[in-house]
Each structure stands twice: as structure tokens, then as C-alpha cells.
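First up is the structure itself, then whatever we jot down about it.
Read-outs: derived from the displayed coordinates by stated rules, not from any lab. Note that the structure is a prediction, hence the values are computed from the model and not measured. In this analysis, Cβ positions are derived from the backbone assuming ideal geometry, glycine residues included, and neighbour counts consider all displayed protein chains.
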């Protein structure tokens with residue numbers, strides 16, 4: 001992609017219409033408008049700057065090929081977001097990375113006969129004031145499949161039916177993956193907090209010894 005600007009100021013809607021007609025300047029306008037957010041999404045999903053840059057370019061190549069299919073049934077940013085997620089997921093599958101299974105059952109335990117949990121509902125255990133740095137570190141440690149569902153639902157705000165459509169799974173499986181992601185995330189956060197506490201205690205002891 002080049003860095004030149006469109007030849008004249010246009011709105012996003014005008015740029016979409018012109019790009020669908022093959023206007024290169026209009027497509028460049030859309031690239032400038034959305035590239036940073038697309039890159040940020042790719043980076044959150046793969047946690048590798050070089051791969052994220054490559055995936056961003058691939059997403060815009062897909063956009064160039066498919067922009068003619070955009071019908072305005074959803075916001076353009078949402079449509080592009082979904083396209084980007086699909087590009088990243090295809091790359092993850094091709095690389096055979098350890099993506100968590102999306103086909104695990106959500107049935108209750110037959111031995112306990114307990115009621116089905118409302119997994120995928122808001123998790124109050126994760127809604128408190130959690131240190132942002134610790135949270136980001138913990139999210140990065142989630143398996144790719146868990147991280148993707150968590151990012152789509154809890155960060156990007158997609159509903160489970162939308163996630164199911166994007167990832168090619170059932171709504172129940174999306175809820176199951178989110179439940180497991182949150183459970184794992186709580187464990188990771190506890191590990192981060194314990195490690196931070198140990199570091200603080202060590203720093204305090206070192207400072208005390210230095211003062212003496």
C-alpha cells in the first residue's frame with residue numbers, strides 16, 4: 001500500500017462507492033481510515049508484530065477483492081472486522097497452531113446431573129478493577145482459540161451468534177469457549193498477581209537491606 005492521500009476529501013460512504021467502481025484513491029482512503037484498527041486487531045489475535053503487519057496487508061488484499069460484495073447491511077467497520085478475523089483464523093489453521101477445539105460439548109455432567117450452567121453470561125469475577133498490564137499479559141497467554149473468542153466477545157463486543165457465524169461453530173460452543181477462556185484467564189491473573197507480590201516483597205527486602 002502506498003501512503004498517498006485521496007485526491008479529494010470524501011466520506012467513508014463515498015469512498016466505498018468509488019472503491020467498488022475501481023477507484024484506487026478511494027481504496028487508499030479506506031486503507032488510511034481503517035489500517036491502524038485492523039493492525040491492532042491482528043496484533044491482539046496473534047501477538048506478533050511481524051505477523052500482524054502481514055495479516056493486515058492480507059486483510060486489505062481481501063478487501064480489495066471483495067469490496068464489491070459489501071451491501072451496507074452492517075457497518076463497514078464491522079464487515080471489515082469480520083473479514084480480518086477470518087483472515088487471521090485461516091492463517092492460524094494453516095500454521096496448525098494449537099487452536100482450542102470449538103466442537104466440545106456443553107452438556108452438563110451426567111454423573112452429577114447438575115443443571116446446565118449459563119456459560120457465556122457476564123462474568124462478574126472478571127469485571128472488577130484489574131490491573132490493565134496484568135490483564136493484557138494474561139490474555140496473551142491464553143491458547144489462540146480461547147483468546148479469539150474472548151477478544152471477540154468481551155473486548156470487541158460481538159454477540160455469540162455473530163461469533164458462531166465468524167468462526168463456523170454453534171452458539172453453544174462459542175459460549176463454552178468463552179467460559180473456558182474466562183476460567184483460564186482468572187487462573188492466569190492469579191499467577192500474575194502472585195508473581196507481582198513476590199517481586200514487590202523482594203524489592204522491599206532489597207531496599208531495607210540497602211537502607212541498613
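For the residues 33, 55, what sequence is obtained by ranking on other C-beta atoms within 10 Å, fewest first?
Lowest to highest Cβ neighbour count: 33, 55.
Using label points projected 7 Å from each Cα along Cα→Cβ, tell me how many nm separate residue 14 and residue 197, to one decimal.
5.9 nm
How do 162, 136 line up, fewest other C-beta atoms within 10 Å first?
With the fewest neighbours first, 162, 136 line up as 136, 162.
Taking other Cβ within 10 Å of each residue's Cβ, how do 183, 148 sort, fewest first?
Taking fewest neighbouring Cβ atoms as first place, the list is 183, 148.
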